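To start, the structure itself, in structure tokens.
The values are calculated or read from the model by the stated rules, or taken from the named source; none is laboratory data. Quick caveat: nothing in here was measured; it's all calculated off a predicted structure. Neighbour counts are summed over all protein chains in view; Cβ atoms, including those assigned to glycine, are modelled from backbone coordinates with ideal geometry. Accessible surface areas use protein heavy atoms only, side chains included; no ligands, DNA or RNA. Shrake-Rupley method; radii C 1.70, N 1.55, O 1.52, S 1.80 Å.
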Amino acid sequence: MSVAQMSAAHARVVRAEWHTSVSLGLTTLSDVVREACSPTGRPLLRMSLLRLLAERPGEGPASALRILNLTLTTLGLPRASRAQASRLNIQWLVDGRAGGRRILAFTDACDAKDEPPWPGFPYAAAPTTNARPGVQAWA
């Protein structure tokens, strides 16, 4: 076995370990991205964002595709099919040429909630007290 083959096999094992850790809920997606950006995390850069998102406990392929399409829409890019979205990986997300825009859009898409910011939104006036615990009042 050549050095290149051994290196590729090691990279596959490292990625499999991280995929398992995410699917078991032991590791968050931000932990994987942080490790991928470290000097020893280079094999993780090839991990598919669609697969990582779908592997999270309580998530699935539909929500993963929704998050990636929301990310692309925020960036002003066209929506992706499942096949196109499967090619988006951590390397694309943290690419320095994007100036941090991709990671910010991705973070916003992951944190997007389906519930309104306050009851009656957008027709009712914003409350002057906290509508939900931990949410700042709109004054």
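Looking at (1) in contact (Cβ under 8 Å) with a residue 24 or more places away in the chain; (2) touching a helix residue (DSSP H, G or I) at 6+ places or on another chain (Cβ under 8 Å), which is the only condition Leu24 fails? Unmet condition: (2).
Just one of the listed residues (Leu77, Leu52, Leu70) is of a type outside the set (Phe, Trp, Tyr) and at pLDDT 95 or above, namely Leu52.
Scoring Ser48 on the criteria (1) open to solvent by 30 Å² or more (accessible area, probe 1.4 Å); (2) within 18 Å of Leu88 (Cα to Cα) leaves a single failure, condition (1). Count of the stretch 32-60 residues, restricted to those that are assigned to a helix (DSSP H, G or I), closer than 25 Å to Arg82 by Cβ and not β-branched (Val, Ile, Thr), is 12. Selection within the stretch 57-90: residues that are touching a residue at least 12 places away in the same chain (Cβ under 8 Å) and among the hydroxyl-bearing types (Ser, Thr, Tyr). The member of this set that is least open to solvent (accessible area, probe 1.4 Å) is Thr71.
All told, Ala80 meets the bar of being outside any helix (DSSP H, G or I) and of a type in the set (A, V, I, L, M, F, W, C). Look at Ala126 and say whether it is of a type in the set (A, V, I, L, M, F, W, C), in contact (Cβ under 8 Å) with a residue 12 or more places away in the chain, part of a loop (DSSP other than H, G, I, E, B) and farther than 22 Å from Arg15 by Cα. Here the answer is yes, as Ala126 does meet what is asked.
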